[in-house]
Amino acid sequence: MPLSIHKAKKSSADRYFPSMFSSFSSRDQQPLFWLSGRPIHTVPFLVSLYVAATIGMALLLAAGRQDIVQFFVYNSTAVAHGELWRLVTYPLINPPNLWFALEMGMLYYFGRLVESGIGSKTFALFYGGLILLQGLLFQLAHLLGHPTEAHGMEMVGMGLFAAFVTMVPS
C-alpha cells in the first residue's frame, strides 16, 4: 500500500511571505488564550474590544457622560500627575464613523497577516508596545513644553501597517 502525502494547507502568511516564517515554532502559533475550548487570537480579540469600547463610548456620550469618556483620553498633564492608565487607554476612544470601520478592516487584514507570521502572543506584545510607545512619545512632547491630548488608534494602525510593509519581501 503506497504512502499518501498530504500537503498542509498554506496559511495567508505562507502565500504572501513564502519563506519568511519557516523559523517560527508551533508554540509561536498558539492562540492568545482559549475560551470554552475555542482559540482566541489577538487580532479578532482587539477588533471586538475596539468595537465594544466604541459602542460603550457612544452610549456614554448619548447619556451626557463625557466626564467618563474623558477619563480614558490621553492627556499629558494628567499622566504627569500620575494617571498612568491614560498611556494605554487612549486608542479605545474612537468616534463611531466610517473611518473607524475602515481602521477595523485594516487592523483585521494587516493584523492577521502579521499575527500569522509572528504568533498571537508576540503580536500582542508588539501591539501593546506600539500603544505604549506612542503614549511615551506624547509624554516626551509634554516634557519639552507641548502638552498633548489624544484619542483613537490611527497612529497605532499606521505602526501596524509599517510592520506589515517591512515583512513583505522585495
Residue list for region 40-57, filter: assigned to a helix (DSSP H, G or I) and either over 14 Å from His151 (Cα atoms) or touching a strand residue (DSSP E or B) at 6+ places or on another chain (Cβ under 7 Å) (or both): Thr42, Val43, Pro44, Phe45, Leu46, Val47, Ser48, Leu49, Val51, Ala52, Ile55, Gly56
Any hit, region 90-105, residues being of a type in the set (Asp, Glu), open to solvent by less than 20 Å² (accessible area, probe 1.4 Å) and within 22 Å of Pro31 (Cβ to Cβ): no
Close pairs from region 113-136: first assigned to a helix (DSSP H, G or I), partner open to solvent by 30 Å² or more (accessible area, probe 1.4 Å) and acidic (Asp, Glu), Cβ under 8 Å, at least 6 apart: Ile118/Asp28; Lys121/Asp28; Thr122/Asp28
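The values are calculated or read from the model by the stated rules, or taken from the named source; none is laboratory data. This is a predicted model, so every value here is computed, not measured. Cβ atoms come from the backbone with ideal geometry, glycine included; neighbour counts cover every protein chain shown. Areas reflect the complete protein model, heavy atoms only, side chains present, ligands, DNA and RNA absent. Shrake-Rupley method; radii C 1.70, N 1.55, O 1.52, S 1.80 Å.
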